[in-house]
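Structure record follows, encoded as structure tokens.
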Amino acid sequence: MKATILAPDTAGRHNGAPAASRDRILRGNTYRDASTVCLIPTRGLIHARVVQAWWGMMTPMNQRFSRLFAWGMEVAHAYEEMVANVLAHPDLGTWKYVLTLEEDNLPPPDGLLKLIEAIEGGVDGQKYDAVGGLYWTKGEGGQPMCYGQPDVLPLNFIPWLPVPGTVARCNGLGMGFTLFRMAMFKGLPRPWFRTVQEYAPGVGGRAYTQDLWFFEQAGRAGHRFACDARVLVGHYNQSEDVVW
């Protein structure tokens, strides 16, 4: 062992370079509230492949995180009731974010951490009201669940593929792995979520899943959304044992 004369150093490296440490903390947003309620609609059984991915998902250190399940409800009704119950709760209603997670989606381990970074402008300098991971509809002809480019008029929800590794503003998202600001729901009229399939004579037909119903209403109210193409989410088809 090499002989060493010890000089007192009780402050440590980070205290010795406070400016650099401060910048690192600000970039990482570790000081900010990242409390998250995770909402999961389910038919009751979740496959082991999906559970394995969920178990591996990291949550922000020293932050509150809770899961809420809705079992056996139509998906729009499930989301509507879960959000309403969260907002009415004296504690959960004060939390920062809502994360929607569906029973056939496999998020990457750092997916939630990246969505929080993106929603707060830590990637492109733009803050958003909802940010979702990139996943595709199932099947050989699957399409990316990133809908509508804001600079293309009229308003549309045409699927498109953002540049890999970027955070891309869009008009709508799926809800398989999507982070919302809790405050957004407090300022929007109900219903937040609605599944629509109807026809009116002289008007024509309308068909919306609950996700695009929400994003159309929220977008018209001035809210901004993005797809985080750094967060690649698998979409599991249990009958074929294929992750799309």
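Might you report the magnitude of the Cβ-based charge dipole of the range 32-243 about its Cα centre, with Lys and Arg at +1 and Asp and Glu at -1, to the nearest 20 debye? Dipole of the range 32-243, to the nearest 20 debye: 480 debye. Using a Gaussian network model of the chain in which every pair of alpha carbons under 10 angstrom is joined by a spring, one finds that among Tyr97, Tyr208, Tyr79 the greatest mean-square fluctuation is at Tyr208.
With a ≥ b ≥ c taken as the square roots of the eigenvalues of the C-alpha gyration tensor of the range 86-244, please select rounded if a/c is under 1.5 and otherwise prolate if a/b is larger than b/c or oblate if it is not? It is rounded, given that a/c, with a ≥ b ≥ c, falls under 1.5. Largest GNM mean-square fluctuation across Val50, Val196, Val98, computed for the chain with C-alpha springs under 10 Å, falls on Val196.
Modelled label positions at Trp244 and Asn156, each set 7 Å beyond Cα in the direction of Cβ, lie 2.2 nm from each other. Full extension of the chain between Asn237 and Met184 gives 15.9 nm of extra length, using 0.36 nm per residue less the Cα-Cα distance. Modelled label positions at Ala88 and Phe65, each set 7 Å beyond Cα in the direction of Cβ, lie 2.8 nm from each other. Please say if the range 129-170 is rounded, prolate or oblate, where rounded means a/c under 1.5 for a ≥ b ≥ c the square roots of the C-alpha gyration tensor eigenvalues, and otherwise the choice is prolate for a/b larger than b/c and oblate otherwise? Oblate shape, in that a/c is at least 1.5 and b/c is the bigger or equal ratio. Per-residue ellipticity at 222 nm from helix content only, as computed over the chain with -39500 (n - 2.57) for each DSSP H run of at least four residues, stands at -7000 deg cm²/dmol.
In the chain, the DSSP beta bridges split such that about 60 percent are antiparallel, to the nearest 5. Can you work out the FRET efficiency for the pair Lys127 and His47, with r the C-beta to C-beta distance and R0 = 41 Å, to the nearest 0.05? Calculated transfer efficiency: 0.70.
With the cut-off at 1.5 for a/c, could you classify the range 35-166 from its C-alpha gyration tensor as rounded, prolate or oblate? Rounded is the answer for the range 35-166, as its axis ratio a/c remains below 1.5.
Rule-based calculations on the coordinates, nothing more; no lab input. On a predicted model such as this, the values are computed, not experimentally measured, just so you know. Every residue, glycine among them, receives a Cβ derived from its backbone with ideal geometry; neighbour counts consider all protein chains shown.
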